[in-house]
Amino acid sequence: MGEYRVTLDDDDNLSERASLLFERGVVTLNESREMVGLEAMPNGDIRRLPSTATEYDVNSPPPQLNPVVQSAQLQGFKVAMKAKDPVARRSRALSDRLIDDRELLTDKWEPEFKTYFNSLKQRVDGILGRMMERSDSTEVLKAMPAIGDLLPEESAGKLGDVLYRMYVDGTKNTFDAVNESGLAGTVEWTNQNPIVTGMLSNVPERTKLIHGTTIKGVNKAVEIALARGYTIEQLARGVPTDKFPGIQSVFREATDVRARLIARTEIMRAQNLTSTRIYEKQGFEYARADDPDGDANDDYVDPADPYGNTCAERNGTIYPLIDAQNIMDHPNGRLTWLPMPKDYQPQGVMT
């Protein structure tokens, strides 16, 4: 049982180790009892698996499953890597590097998104200013079209340019991090590399999503103002007594909050998509989710996770790369993906 013990800190209580290893599916019930000096139970040769899986006797062959169900069940096995294993050290170093770089790149690109939002704000302020010069009556407000429809397409174009340049930066950084880790060989970054072009192909969709969310916020404010009979000035500045923040608040939130969230989310997307595709190109089939700071009370589940894992449940879980590539964390998450050895194959029983 020493093989299992070295995977946890020596200061941990032995009974807690045994319980944790059983809960994670690393050891059977009888193996965990043996660790704390208890006798084996007649029906204790069972291994606990995640809620997406089942328990079965280790002396019997696992049930035959169709490939889709089998993938969903086998993904739950955790990796018990020895603390002194050089591969484990390199994995830890790669994850730390990616997280550190994520923050540095977020700091670098946040101002670009603030500039985009400020340009939109100036456009909207100009539109409202011209309308207020004519009149502040609700009749004028009723006559004006949705403000979002008045914003030129060039605004979205500027956002797309920021995303494109940021993705180039993010993919280069991720190639460097993975190459320097020594975990997946060396893959050269070029602007013609399919991994890079695949990442850049996301720019139009992401631009539309981000720009569209901003425009919806503006148009929603106009819709509320029309329904309540506000003047243009009230639409712009808000009506505190009615808890109506006004259009200006849309852009205050965008520059104060959304700009950083967007920068961080898109850098995370670039890192995770790029790294998993590098692993795939290099012949790896599985990746381990690394999110050590996942809060057990965090119930966020990415819609793309086929197994419905929360952040805490996902941490340490092995996914087929085809699934891992589509899973993203929430904006403040720390999810990274680390390659499993090429000869790794999920098995119903770990020995």
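Details
- Of the helices (runs of 4 or more DSSP H) lying entirely inside the stretch 252-351, those containing at least 1 residues that are modelled with pLDDT of 90 or more and either of a type in the set (S, T, N, Q) or in contact with a Phe, Trp or Tyr (Cβ under 9 Å, 6 or more places away or on another chain) (or both) are 259-281, 321-324.
- Residue in the stretch 189-197 that is under 27 Å from Phe117 (Cβ atoms) and open to solvent by less than 80 Å² (accessible area, probe 1.4 Å) present: no
- Arg269 satisfies every condition listed in (1) touching a helix residue (DSSP H, G or I) at 6+ places or on another chain (Cβ under 9 Å); (2) more than 30 Å from Lys216 (Cβ to Cβ) except (2).
- You will find that of Arg314, Arg269, Arg252, Arg260, the residue that is crowded, with 22+ Cβ neighbours inside 10 Å and either within 12 Å of the chain's Cα centre (by Cα) or closer than 28 Å to Lys114 by Cβ (or both) is Arg314 and no other.
- Residue count for the stretch 275-285, restricted to those that are surrounded by 23 or more Cβ atoms within 10 Å (Cβ to Cβ) and over 12 Å from Arg102 (Cβ atoms): 3
- Residue check for Val168: part of a loop (DSSP other than H, G, I, E, B), surrounded by fewer than 20 Cβ atoms within 10 Å (Cβ to Cβ) and either modelled with pLDDT under 90 or not acidic (Asp, Glu) (or both): no
- Remark: pairs (first residue in the stretch 192-210, more than 20 Å from Leu261 (Cβ to Cβ); second residue among the polar types (S, T, N, Q) and open to solvent by 10 Å² or more (accessible area, probe 1.4 Å); Cβ separation under 8 Å; 6+ apart in sequence or on different chains) = Val196/Thr190; Thr197/Asn191.
- Count of the stretch 258-306 residues, restricted to those that are of a type outside the set (A, V, I, L, M, F, W, C), within 28 Å of Val187 (Cβ to Cβ) and in contact with a Ser or Thr (Cβ under 6 Å, 6 or more places away or on another chain), is 5.
- Among residues of the stretch 211-222, those that are farther than 19 Å from Arg269 by Cβ and without any contact (Cβ under 8 Å) to a residue 24 or more places away in the chain, counted: 1
- Output for the stretch 113-127, where each listed residue is farther than 15 Å from Glu253 by Cα and either among the small types (Gly, Ala, Ser) or touching a Pro at 6+ places or on another chain (Cβ under 6 Å) (or both): Gly126
The values are calculated or read from the model by the stated rules, or taken from the named source; none is laboratory data. Bear in mind the structure is a predicted one, so any value in this text is a computation, not a measurement. All Cβ positions, glycine included, derive from the backbone under ideal geometry; neighbour counts span all protein chains shown. Please note that ligands, DNA and RNA were not included when accessible areas were found on the heavy atoms of the full protein model with its side chains. Shrake-Rupley method; radii C 1.70, N 1.55, O 1.52, S 1.80 Å.
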